[in-house]
Amino acid sequence: MRVPLSAAGVAWGFLGVLAFSFTVPLTRIAVEGMNPYFVGTARAVVAGVCAGALLLAVRAPLPCGRQWTGLAVVALGVVAGFPLLTSVALESVSASHAAVVIGLLPAATAVVAVVRGPERPSRIFWVASAAGAVAVAVFVSLGTGGLGSVGVADLLLAGAVIAAAFGYAEGAALSRQLGSWQTICWALVLALPAMSVLTALLPWPGPDAGGAQWASFAYLALVSMFLGFFAWYRSLAIGPVANVSQIQLVQPVLTITWASTLLHEPLTPGVLLGAAAVVACAALAVTARVRSATPSVGAPLMRARSRPRQSLQPSREALPKR
């Protein structure tokens, strides 16, 4: 059965990607005056306090059963794993360099979504997704003059991609049950005790942290870690996850733009061709056909209703004769 693509899902997805596109360059600014581990944990603490306050204000019902397991996966993936690993990696590599590795996230998310769920993307989808990953690599290479050799930072970024892919796919499933903003809020609250302890043990920012570092940290905590997920998980909940996740292919294009503007990293005219290729691949992947391996929820109910209702009273022919 084909899963339809919703315009609302695409719109919410692009809004989330726009919010996330500032994450890498602003993290690069923050770690210039702050401990990278502090940036990775403290932003989760600030977002967790905001999430807890919001859940209390609306008296949100508690998750139940296996939902807590799913929330733990989300917390490990997008609350702890991705922020910590990218913060440490960006201490030694440029934002543009990090963008190419993180550009593999859409394909990784699609793979996890297919493995854990009923979505079955078409062959065109996989071709477009792979082409998008290659286009991202070419795009960043044109923009920065080369990607350099693979180092420890690249391994950290690869780990961040894997962590986020599981967090996105699991969060998409939970968002259909709990709601989009409730999912990220409960994940943040679940991770809050551990993140608070880690933050308290880490060295806090000193005089080296100026206004730019604190402003970047505030964005990372309130938007990248909190509000951005309101839109992103809503888009994934609308789905299909495999399609919507490919919107992130345009994120490196935006990230390179912000890195060039905020960090003055080199940007050449050749990136226009790379950007066009990335956007084209993203458009093809987002609109490619995705089918569900299971029937729709309403199908059995409709078939049941179409059957004639049988009376619970025995027929007169079946009654014993007196």
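The values are calculated or read from the model by the stated rules, or taken from the named source; none is laboratory data. What you are looking at is a predicted structure, and each value in this text was computed from that prediction instead of being measured. Glycine also receives a Cβ, built like all others from the backbone with ideal geometry; neighbour counts cover every protein chain displayed.
For region 76-105, a residue qualifies if it is part of a loop (DSSP other than H, G, I, E, B), among the hydrophobic types (A, V, I, L, M, F, W, C) and crowded, with 24+ Cβ neighbours inside 10 Å, and exactly one does: Leu90. Looking at region 171-213, which of the residues that are aliphatic (A, V, I, L, M) and modelled with pLDDT under 90 is farthest from Glu91 (Cα to Cα)? Looking at residues that are aliphatic (A, V, I, L, M) and modelled with pLDDT under 90, I get Ala173. Does Val250 fit the bill of being over 25 Å from Ala212 (Cβ atoms), more than 13 Å from the chain's Cα centre (by Cα) and either surrounded by 20 or more Cβ atoms within 10 Å (Cβ to Cβ) or modelled with pLDDT of 80 or more (or both)? So Val250 passes the test. From the residues in region 5-15 that are touching a Gly at 6+ places or on another chain (Cβ under 9 Å) and either at pLDDT 85 or above or not in a helix (DSSP H, G or I) (or both), which one is nearest to Pro240 (Cα to Cα)? The residue in question is Leu5.
Among the listed residues Ala172, Ala237, which satisfies the condition of being surrounded by 24 or more Cβ atoms within 10 Å (Cβ to Cβ), assigned to a helix (DSSP H, G or I), within 12 Å of the chain's Cα centre (by Cα) and not charged (D, E, K, R)? Exactly one of Ala172, Ala237 is surrounded by 24 or more Cβ atoms within 10 Å (Cβ to Cβ), assigned to a helix (DSSP H, G or I), within 12 Å of the chain's Cα centre (by Cα) and not charged (D, E, K, R), namely Ala172. For region 1-15, the set of residues classified as buried (at least 19 other Cβ atoms within 10 Å of the Cβ) and either closer than 15 Å to Tyr219 by Cα or more than 18 Å from the chain's Cα centre (by Cα) (or both) consists of Val3 only. With the structure loaded, tell me whether Ser216 is within 14 Å of Ala19 (Cα to Cα) and at pLDDT 90 or above or whether it fails that test. It is true that Ser216 is within 14 Å of Ala19 (Cα to Cα) and at pLDDT 90 or above. Among the residues that make up region 52-75, is at least one of them surrounded by 23 or more Cβ atoms within 10 Å (Cβ to Cβ), farther than 19 Å from Ser175 by Cα and out of contact with any Phe, Trp or Tyr (no Cβ under 8 Å at 6 or more places or on another chain)? No, that holds for no residue. Being under 23 Å from Asn243 (Cα atoms), at pLDDT 90 or above and of a type outside the set (Gly, Ala, Ser) holds for only one residue in Leu71, Leu26, Leu85, and it is Leu71.
Of all residues in region 38-51, those satisfying the criterion of being crowded, with 19+ Cβ neighbours inside 10 Å and either touching a His at 6+ places or on another chain (Cβ under 6 Å) or touching a residue at least 60 places away in the same chain (Cβ under 8 Å) (or both) are Phe38, Val39, Thr41, Ala42, Arg43, Ala44, Val45, Val46, Ala47, Gly48, Ala51.
Suppose the filter is in contact (Cβ under 8 Å) with a residue 40 or more places away in the chain, in a helix (DSSP H, G or I) and surrounded by fewer than 19 Cβ atoms within 10 Å (Cβ to Cβ); does Leu18 pass it? It is true that Leu18 is in contact (Cβ under 8 Å) with a residue 40 or more places away in the chain, in a helix (DSSP H, G or I) and surrounded by fewer than 19 Cβ atoms within 10 Å (Cβ to Cβ).
For region 207-233, the set of residues classified as part of a loop (DSSP other than H, G, I, E, B) and either in contact (Cβ under 8 Å) with a residue 12 or more places away in the chain or under 25 Å from Pro106 (Cα atoms) (or both) consists of Asp208, Ala209, Gly210, listed by residue number.
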